[in-house]
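The values are calculated or read from the model by the stated rules, or taken from the named source; none is laboratory data. Not measured: the values here are computed from a predicted model. FYI the Cβ positions are ideal-geometry reconstructions off the backbone, even for glycines, and counts take in every protein chain you see. Remember, those area values only see protein heavy atoms, side chains included, never the ligands or the DNA or RNA. Shrake-Rupley method; radii C 1.70, N 1.55, O 1.52, S 1.80 Å.
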Amino acid sequence: MIGGAVYLVDYGDLDRTDINGNTIARIAPRNFEFLASYATNLTASVAFGINYKLVQFRVDCSGDCRELSRGNGVTHGLDLGGQFSVGPGGPLRIGVALRNIGFRLQVNNQAQADPLPTRLAWAHL
């Protein structure tokens, strides 16, 4: 199976004002994530899936933005997952996923780069 998705978190527009309270700029922070997915059955009791993701954090500004640093960070990541059926006829299924494997997200410089929140998760049915 092949799939894809787009994920957007829009934090809303923020007004930048001067000392008199007049709006002089509009700041728009957003997170984008583009995913491409693939999954397959390796055997009758084992399935495997992988997501590739392109993650972008953007802070756009319109108006008087001279004193603001515009942020734009991009990184890549992977999710790996599997499902295993256990017992005769597979009455117990165990799923395991390792999410957000990838490079640090760097917006300003290497010293402030943040790691992706890598997590191991499992479930049984």
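Give the accessible surface of the chain per residue, rounded to a whole number of Å², with probe radius 1.4 Å and ligands, DNA and RNA excluded.
Per-residue value: 68 Å².
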Quick check for me: using +1 on Lys/Arg Cβ and -1 on Asp/Glu Cβ, what's the dipole size of the chain about its Cα centre, in debye to the nearest 20?
420
Could you rank E67, E33 by how accessible they are, 1.4 Å probe, largest area first?
E67, E33
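How do H76, H124 stack up against each other in accessible area, from largest to smallest, with a 1.4 angstrom probe?
Values: H76 75, H124 115 Å².
Largest accessible area first, the list is H124, H76.
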Given 15-26, 89-100, the highest-first ranking by average Cβ count within 10 Å works out to 89-100, 15-26
Within the accessible area of the chain (1.4 Å probe), percent carbon and sulfur:
58
Rounded to the nearest 0.05, what FRET efficiency do L120 and S37 have when you use their Cβ-Cβ distance and R0 = 25 Å?
0.85
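For I24 and R93, calculate 0.36 nm times their separation in residues minus their Cα-Cα distance, and state this gained length in nm to one decimal.
Result for the pair: 19.1 nm of gain on full extension.
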At 1.4 Å probe size, with no ligands or nucleic acids counted, give the accessible surface of L54 in Å², nearest ten.
50
Keeping all protein chains in the complex and leaving out DNA, RNA and ligands, what accessible area do you get for D60 with a 1.4 Å probe, in Å² to the nearest 10?
60
